[in-house]
Amino acid sequence: MSLLLCNEELLFSEALSSLLARRGHEVVGCPSTHAEMATHLTNDLVTSCLLTVPRSGWPSIETITQARTLRPDIALIALSAESDLSALLSMLNAGADGVCLKLDGIDEIESVLLRVVAQRRELLQPVIPAWSRGALALARNQPSRSATTLTPKEHAVLRHLIAGASTSRIARELGVSDATVRTHLQHLFGKFGVHSRIALVADAVRSEVVRVDELSGYAASA
């Protein structure tokens, strides 16, 4: 895996780079500014990008958006310095494919990276958000959503959405109109308290309203 490590803390970058290199991954750069990151992202050999998002300073949530805009094809993982679910969801909304806590061990960080890279190679869209164990434990300590409040149609729409189907594809699979699918999505947004599809997918997966290992049939049909 060829990756960037975006962080303004030199010692942290050096330590994490060393650990990743020992596992056979190539860290091609450790940019500490927007300009440096943009330059490195022009390298097509870069397949992944780790951004450590601190409580303040660089990189920021906006950096995730910029990286995603510059390279929509790469695996983009955010390492959060904050133990805050809203911060993690903000990173996913900004374009991150997965989230880890900065205190997660190297095994967990690498695991999240590899999961997202595998999805990118399979061209799965949208990428199912990857949560580290630490991030998932944090999320599960928050009030969870109840699957019992969803109708069968809403469950079906949600499963197809997580498996990567578009609005039109979901409509065809369920035998309904695009407008009906959009209505179901609006109801789902309201029930989950989110405002975007990526936040809906992230919340449904982390709270296990939909289990990823149950989606093989949906992914095949999508």
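Scanning the stretch 16-32 for residues that are in contact with a strand residue (DSSP E or B) (Cβ under 9 Å, 6 or more places away or on another chain) and assigned to a loop (DSSP other than H, G, I, E, B) returns 25, 30, 31, 32. Summed over the stretch 99-117, the residues that are of a type in the set (Gly, Ala, Ser) and in a loop (DSSP other than H, G, I, E, B) give a count of 1. Scanning the stretch 187-199 for residues that are part of a helix (DSSP H, G or I) and farther than 14 Å from residue 156 by Cα returns 189, 190, 191, 192, 197, 198, 199. For the stretch 90-105, residues that are surrounded by fewer than 21 Cβ atoms within 10 Å (Cβ to Cβ), more than 12 Å from residue 134 (Cα to Cα) and more than 9 Å from the chain's Cα centre (by Cα) total 1. Scanning the stretch 33-60 for residues that are surrounded by 16 or more Cβ atoms within 10 Å (Cβ to Cβ) and over 19 Å from the mean Cα position of the chain (by Cα) turns up 34, 37, 40, 58. Among the residues of this structure, residue 8 does not count as one that is in a helix (DSSP H, G or I) and of a type in the set (D, E, K, R). Taken over the stretch 204-222, residues that are closer than 16 Å to residue 92 by Cα and either at pLDDT 80 or above or surrounded by fewer than 16 Cβ atoms within 10 Å (Cβ to Cβ) (or both) amount to 1. Residues that are assigned by TED's automatic domain parsing to the domain that holds residue 15 and surrounded by fewer than 18 Cβ atoms within 10 Å (Cβ to Cβ) occur in the stretch 72-79; there is at least one.
Table: residues versus (1) farther than 30 Å from residue 200 by Cβ; (2) in contact with a strand residue (DSSP E or B) (Cβ under 9 Å, 6 or more places away or on another chain); (3) outside any loop (DSSP other than H, G, I, E, B).
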| site | (1), (2), (3) |
| --- | --- |
| 14 | yes, no, yes |
| 35 | yes, no, yes |
| 46 | no, yes, no |
| 56 | no, no, no |
| 67 | no, yes, yes |
| 86 | no, no, yes |
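The values are calculated or read from the model by the stated rules, or taken from the named source; none is laboratory data. Keep in mind the model is a prediction, meaning the values are calculated, not measured. For neighbour counting, all protein chains shown are included, and Cβ atoms are generated from backbone atoms with ideal geometry for every residue, glycine included.
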